[in-house]
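The structure appears right after this line, and notes come after that.
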Amino acid sequence: MEICVRQLDPSKRRSKPDEKHLVFGRVFSDHMFMADFTEQSGWRDARIVPYGPLAMDPAAMVLHYGQGIFEGLKGYRWANGQIWLFRPEQNCERLNRSAEKMCMPRIDPALQMRAIEKLIGVDKDWVPHSVGSSLYIRPTMIAVEPHLGVRPAHEYLYYIITGPVAAYYAEGFNPVKIYVSEEYVRTVRGGVGEAKTMANYASSLYAAELAKKKGYTQVLWLDGVERRYVDEVGTSNIFFRIGEELITPPLSGSVLPGVTRDSVMQLATHWGIKVTERPIAIEEVIETAGSGELKEIFASGTAAVISPVGEICYRDRNYRVSDGKVGSWALKLYDEIIGIQYGEREDLFGWMRRLDV
Ligand SMILES: *Cc1c(COP(=O)(O)O)cnc(C)c1O
């Protein structure tokens with residue numbers, strides 16, 4: 001399928017934001033990619049057009065029944081000016097797994113990749129230059145058929161928007177305080193927790209706001225059935241270092257299979273660390289925090305890469321982790337992954353893809 005490009009009139013191009021004051025998710029590049037799906041014709045009309053509002057019927061099914069999915073990845077500008085992506089085919093495949101779960105159509109990963117490459121080619125000046133900054137890329141698919149009544153839609157829109165984002169830890173690593181939610185759950189096994197779909201974020205808001213009011217940055221989510229086993233933290237995967245072992249909950253259906261999670265597991269294994277995927281009960285976390293065996297907790301995700309946890313609140317008691325500081329494994333993983341993403345460390349696993357832009 002050919003991708004048509006309609007460039008924004010050069011006089012209408014927006015000025016780039018000051019790279020020193022980039023705010024995540026606020027500023028978007030000049031163009032976006034779009035393609036339409038109908039049951040009769042499949043995906044068609046792939047195009048790059050100036051960024052702007054979508055015209056949509058108020059009865060569009062995504063607006064009523066939440067049939068929508070997305071992805072999140074980044075483009076990194078290397079010191080030599082080249083632009084590289086980190087394991088983008090993982091995001092393309094995950095979009096299709098989310099699509100299947102949400103009864104939406106697949107989109108050929110090769111088309112997704114070409115769309116990203118061509119879009120970044122058109123907006124390459126939007127990929128920031130300052131150290132640690134990047135271009136955030138948000139592929140999205142939504143049900144646009146105007147229809148009231150619950151069933152999978154027959155018409156969809158796939159689009160990609162991008163925008164420059166700052167280094168997550170511009171002020172240095174800052175361990176976060178997390179709150180264990182026993183009353184509210186994000187998702188349950190058998191639900192849609194393993195899909196990157198809108199519903200999961202809507203259902204996380206209430207508990208996240210409560211935690212924020214109490215002074216915590218993120219919610220630690222327990223499984224929705226027994227409310228005992230750790231699932232995730234905020235919108236990130238979670239790791240525990242107990243003794244010299246790295247433990248993360250298994251992909252049981254209520255955990256999002258993070259690309260960063262997988263990368264952490266591969267790197268740690270490569271370093272000779274014992275990495276275990278197993279259910280981990282909150283009691284075990286609290287007990288080992290008390291005994292000192294729990295050395296580190298950290299979250300993993302595209303936005304922050306690694307986010308160390310310095311304190312955890314469970315049943316109105318606070319437990320310090322790593323003395324409130326950044327654990328050595330969290331730091332080592334962070335440095336290594338960032339180093340690979342910016343071409344400063346050897347890409348042993350062949351994760352990076354250079355864009356021909
Ligand atoms: C996106 C996401 C993650 C992290 O996935 P990455 O591919 O590492 O960015 C983890 N949990 C949830 C709920 C997510 O939406």
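Observations
- With neighbours defined as other Cβ atoms within 10 Å of a residue's Cβ, the residues Asp30, Asp223, Asp347 order from fewest to most as Asp347, Asp30, Asp223.
- Rounded Å value of the spacing that divides the Cα centres of region 249-281 and region 70-142: 23 Å
- Between 0 and 90°, nearest 10: helix 109-122 axis offset from the chain longest Cα axis: 80 degrees
- Across the chain, the relative contact order, built from alpha-carbon pairs under 8 Å that are at least six residues apart, equals 18 percent.
- Estimated from helical segments only, the mean residue ellipticity of the chain at 222 nm is -7000 deg cm²/dmol, where each DSSP H run of four or more residues counts as -39500 (n - 2.57).
- Among the trypsin sites (Lys or Arg not before Pro) in region 111-214, those located in a DSSP loop and surrounded by at most 13 other Cβ atoms within 10 Å of their own Cβ are Lys214.
- Bridgeable aspartates and glutamates around Lys118 (alpha carbons under 16 Å apart, same-chain partners fewer than 8 residues away excluded): Glu2, Asp30, Asp45, Glu89, Asp108, Asp356.
- The modelled label-to-label distance between His21 and Glu226, using points 7 Å beyond Cα along the C-beta direction, is 5.1 nm.
- With eigenvalues of the C-alpha gyration tensor scaled by 5 and rooted, region 59-201, Å: 30, 23, 13
- Centroid-to-centroid, using Cα positions, region 158-216 and region 1-62 are 25 Å apart.
- Rounded to 10°, Cα long-axis angle of helix 259-270 versus longest principal axis of the chain: 50 degrees
- Between 0 and 90 degrees, the angle of helix 88-101 with respect to the longest Cα principal axis of the chain falls at about 90 degrees.
- Sorting the Cα pairs of the chain by distance into bins of 20 Å, from 0 upward, gives 28, 58, 14, 0 percent per bin.
- Pairwise label distance in nanometres, Leu148 with Ala110, each label 7 Å out on the Cα-Cβ vector: 4.4 nm
- Using a cutoff of 8 angstrom between alpha carbon atoms and counting only pairs six or more residues apart, the relative contact order for region 176-341 works out to 23 percent.
- Longest site-free stretch - the chain; sites: GluC sites (Glu not before Pro), DSSP loop, at most 16 other Cβ within 10 Å: 40-170
- Given their separation in residues at 0.36 nm each and the Cα-Cα distance between them, Glu287 and Arg345 gain 17.1 nm when the chain is fully extended.
- Sorting Met104, Met1, Met113, Met141 from the fewest to the most surrounding beta carbons within 10 angstrom yields Met1, Met113, Met104, Met141.
- Residues of type lysines that Lys177 reaches as a straight line, Cα spacing below 28 Å, ignoring anything fewer than 8 places off in the same chain: Lys20, Lys74, Lys196, Lys212, Lys213, Lys214, Lys274, Lys295, Lys325, Lys332
- Derived scalar couplings ³J(HN,Hα) [region 52-62; Karplus, 6.51 cos²θ - 1.76 cosθ + 1.60; whole Hz; x for Gly, Pro]: x, x, 8, 8, 9, 5, x, 8, 3, 5, 4
- Average Cα contact separation per residue, region 4-165, under 8 Å, 6 or more apart, as relative contact order %: 33 percent
- Likely footprinting exposure, Tyr206, Tyr229, Tyr65, fewest C-beta neighbours within 10 Å first: Tyr206, Tyr65, Tyr229
- Interchain or long-range residues, amide H under 5 Å from Tyr51's placed H: His31, Met32
We did not get these values from a lab; they are worked out from the coordinates using the rules stated. Since the model is a prediction, treat every value here as computed from it, not as a measurement. Positions of Cβ are backbone-derived with ideal geometry, glycine not excepted, and every protein chain shown enters the neighbour counts.
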